[in-house]
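Below is one structure; the comments refer to it alone.
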Amino acid sequence: MKLNPELLEFAKSMRSNATDAEHLMWQILRAKRFMNLKFRRQHVIQPYIVDFYCHDIGLVIELDGGQHNTADGKEYDVERTKFLEALDLKVVRYWNHDVLSETDVVLEDLWRVCDELKNTSP
């Protein structure tokens, strides 16, 4: 299936307008710096664009700002997570605030999730 060119262009623009939390997380994940796993950022999984994606272990990482704490935001996230999980992907979410202020705690959790997925993937 051909990817929607508008979605690809939007993902590209999102990469150049990253939040502080996304920028920090990318510095940690890029170039196989984290557990030697290859991550992509603002990756298209139609019809969505996910913040970070690791194909090898089927992991999606979403970093959420305040807009995700609204009723609409929560409902959208539930639908999106269901869709991604139906593709056999594991979705983890972290608040932007936690990524910036409690980076070690977030990375410990992420390490645990990745380790679990690495040990269960074929």
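Values in this text are rule-based calculations from the coordinates and carry no lab data. Worth saying up front: this structure is predicted, and the values here are computed from it rather than measured.
Some values worked out for this structure:
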read-out: Overall form of the range 24-122 per C-alpha gyration tensor (a/c, 1.5; a/b vs b/c); value: oblate
read-out: Relative counts (whole %) of C-alpha pair distances in the range 16-64, using bins that are 5 Å wide; value: 5, 22, 33, 25, 12, 3
read-out: Alpha-carbon Rg/Rh ratio, for the range 49-103, with Rh computed the Kirkwood way; value: 0.99
read-out: Karplus 3J(HN,Hα) series, Hz, for the range 39-47 with 6.51 cos²θ - 1.76 cosθ + 1.60 (x for Gly, Pro); value: 10, 10, 10, 6, 8, 7, 10, 3, x
read-out: Pairs of lysines in the range 1-114 (C-alpha under 24 Å apart; 8 or more residues apart or interchain); value: 13
read-out: Beta bridge orientation in the chain: antiparallel %, DSSP, nearest 5; value: 55 percent
read-out: Whole-Hz couplings from phi, Karplus 6.51/-1.76/1.60, listed for the range 18-28; x for Gly and Pro; value: 5, 6, 4, 5, 5, 4, 4, 4, 5, 4, 7
read-out: Whole-number percent relative contact order across the range 1-119, with pairs defined as alpha carbons under 8 Å at least 6 apart; value: 22 percent
